[in-house]
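Here the structure comes first, spelled out in structure tokens, and everything after it is commentary.
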Amino acid sequence: MTEAIIEPDLPIIDPHHHLWDLRPMLPMFPEPRHRFIEGLVPVAHYAFDQFNAEVACGHNILATIFMECGAFYNAGYGEAKKTVGEVEFVNGVAAQSASGLYGNARLCTGIVGHADLLQGSSAGEVLDALLAASPNRFKGIRHQGAWDADPEVLGPPFHAPPELYRDAKFREGFAELSKRGMSFDAWILEPQLPDVIDLARAFPDTPICLDHCGTPLGMASYAGKLEERFDVWRTNILELGKCENVMVKLGGLAMHNCAMPEQGPAAGIGSEELARLWKPYIETCIEAFGTKRAMFESNYPVDRWGATYPVLWNAFKRIASGASAEEKAALFAGNAARFYRVEHVLA
């Protein structure tokens, strides 16, 4: 799907994307035709060159933030610290991009890694190792907590333990973040939003970002229930928005989990239709968090399920068309720069 780029000069920091090689993981899936696999097979290997080509599509992408995805772990570091390998790898990608030889965008200028917070206070040692691996780019971690009673919603390899964010040992590890000035990205599914609310209230001094608008669900046992569950989602989003330490990422809605659109991958649906589907969720998030605590994200390559990179950003720009120039600057770049402490890219 190709479209003319809307507002091509608007500065953008893409605060959520991945780089990975999923090919070794494919045998873990119980069904070759699982919808998640169908969505990801075209991008089972997604590296610098592929993402850099997406970024060069015509939108004014200044910089990006890498989000952990279990890729490129180093088993030689031991079970607890193997995640350091991912940060080391991505730091090298960031250095490649920073050379200026591959375009003006600065890919992976911020890095969000992973540490298993269920280790409790000893997770602090892993956090220190992650920071040592990339002192200028590492910003914080994501420990995803996505879980649902229906195993078809995610697939077995991606299920976290139920109520992970309420676990006492997890919270003992979570407490290590604020000691180091690090942020936390929370990925859960829509029915789990109360868990993030409880976590944010328990740790008001730790910056938290809710990924993917809280991941509304429209597949498996939730198929056809987006409208039915909208008010439940909205109530929880408005409540979470009262927590001043929390920001929200406006995106992730093109994932197959959300069924917006239902077709995929690369559905070929234009930005006008995508904007219509996503607008109620994005406008509610902005209502809850305001224009100073929300940021548009690509969630690439996962959101390639329903939108090409240029069309995805066009859809966001259509939704934000009524915002002021100051509000657009915040939603598309400024808020991400502040949360991930990469303000230098705006200078």
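The values are calculated or read from the model by the stated rules, or taken from the named source; none is laboratory data. Given the structure is predicted, the values throughout are model-derived calculations rather than measurements. Cβ atoms come from the backbone with ideal geometry, glycine included; neighbour counts cover every protein chain shown. Side chains included, ligands, DNA and RNA excluded: accessible areas come from the protein's heavy atoms. Shrake-Rupley method; radii C 1.70, N 1.55, O 1.52, S 1.80 Å.
Would you point out which residue out of Leu127, Leu189 is of a type in the set (A, V, I, L, M), in contact with a Ser or Thr (Cβ under 6 Å, 6 or more places away or on another chain) and open to solvent by less than 50 Å² (accessible area, probe 1.4 Å)?
Being of a type in the set (A, V, I, L, M), in contact with a Ser or Thr (Cβ under 6 Å, 6 or more places away or on another chain) and open to solvent by less than 50 Å² (accessible area, probe 1.4 Å) holds for just one of Leu127, Leu189, which is Leu189.
Going residue by residue through the stretch 211-231, is there one that turns out to be more than 18 Å from Asp148 (Cβ to Cβ) and touching a helix residue (DSSP H, G or I) at 6+ places or on another chain (Cβ under 6 Å)?
Scanning the stretch 211-231, I find no residue that is more than 18 Å from Asp148 (Cβ to Cβ) and touching a helix residue (DSSP H, G or I) at 6+ places or on another chain (Cβ under 6 Å), so the answer is no.
Let's see how each residue does on (1) buried (at least 21 other Cβ atoms within 10 Å of the Cβ); (2) of a type in the set (A, V, I, L, M); (3) closer than 30 Å to Met219 by Cα; (4) in contact with a Lys or Arg (Cβ under 8 Å, 6 or more places away or on another chain):
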| position | (1), (2), (3), (4) |
| --- | --- |
| Pro151 | no, no, yes, no |
| Pro162 | no, no, yes, no |
| Asp167 | no, no, yes, no |
| Ala175 | no, yes, no, no |
| Ser178 | no, no, no, no |
| Ser183 | yes, no, no, yes |
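Each row is one residue, and each column tells you yes or no for (1) touching a residue at least 12 places away in the same chain (Cβ under 8 Å); (2) part of a loop (DSSP other than H, G, I, E, B); (3) within 21 Å of Arg234 (Cα to Cα).
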{"residue": "Ile269", "(1), (2), (3)": "yes, yes, no"}
{"residue": "Leu277", "(1), (2), (3)": "yes, no, yes"}
{"residue": "Glu283", "(1), (2), (3)": "yes, no, yes"}
{"residue": "Ala288", "(1), (2), (3)": "yes, no, yes"}
{"residue": "Thr291", "(1), (2), (3)": "yes, yes, yes"}
{"residue": "Ser298", "(1), (2), (3)": "yes, yes, no"}
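Tell me which residues, restricted to the stretch 300-326, are under 20 Å from Phe230 (Cβ atoms) and either part of a loop (DSSP other than H, G, I, E, B) or touching a Gly at 6+ places or on another chain (Cβ under 6 Å) (or both).
Gly306
Conditions (1) part of a loop (DSSP other than H, G, I, E, B); (2) of a type in the set (Val, Ile, Thr); (3) in contact (Cβ under 8 Å) with a residue 12 or more places away in the chain; (4) surrounded by 19 or more Cβ atoms within 10 Å (Cβ to Cβ), marked per residue:
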{"position": "Gly100", "(1), (2), (3), (4)": "yes, no, no, no"}
{"position": "Gly103", "(1), (2), (3), (4)": "yes, no, yes, no"}
{"position": "Ile111", "(1), (2), (3), (4)": "no, yes, yes, yes"}
{"position": "Ser122", "(1), (2), (3), (4)": "no, no, yes, no"}
{"position": "Lys139", "(1), (2), (3), (4)": "no, no, yes, yes"}
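Return the residues of the stretch 331-347 that are open to solvent by 10 Å² or more (accessible area, probe 1.4 Å) and part of a helix (DSSP H, G or I); say none if nothing qualifies.
Of everything in the stretch 331-347, those that are open to solvent by 10 Å² or more (accessible area, probe 1.4 Å) and part of a helix (DSSP H, G or I) turn out to be Gly334, Arg338, Phe339, Glu343, His344, Val345, Leu346.
Residues in the stretch 231-252: is at least one hydrophobic (A, V, I, L, M, F, W, C), in a strand (DSSP E or B), farther than 23 Å from Ala168 by Cβ and touching a residue at least 60 places away in the same chain (Cβ under 8 Å)?
yes
Could you list, in sequence order, all residues of the stretch 166-202 that are part of a loop (DSSP other than H, G, I, E, B) and either closer than 24 Å to Asp148 by Cβ or among the basic types (Lys, Arg) (or both)?
Asp167, Arg180, Trp187, Ile188, Leu189
Restricting the search to the stretch 65-87, which residues are without any contact (Cβ under 8 Å) to a residue 60 or more places away in the chain, of a type outside the set (Phe, Trp, Tyr) and within 29 Å of Thr2 (Cβ to Cβ)?
Hit for the stretch 65-87 is Cys69, nothing else.
Which residue is nearest to Leu274 (Cα to Cα), if the candidates are limited to the stretch 300-325 and must be open to solvent by 30 Å² or more (accessible area, probe 1.4 Å) and of a type in the set (S, T, N, Q)?
Among those residues, the one meeting the criterion is Thr308.
For Arg293, indicate whether it is open to solvent by 10 Å² or more (accessible area, probe 1.4 Å), modelled with pLDDT of 95 or more and within 18 Å of the chain's Cα centre (by Cα).
The answer is yes for Arg293.
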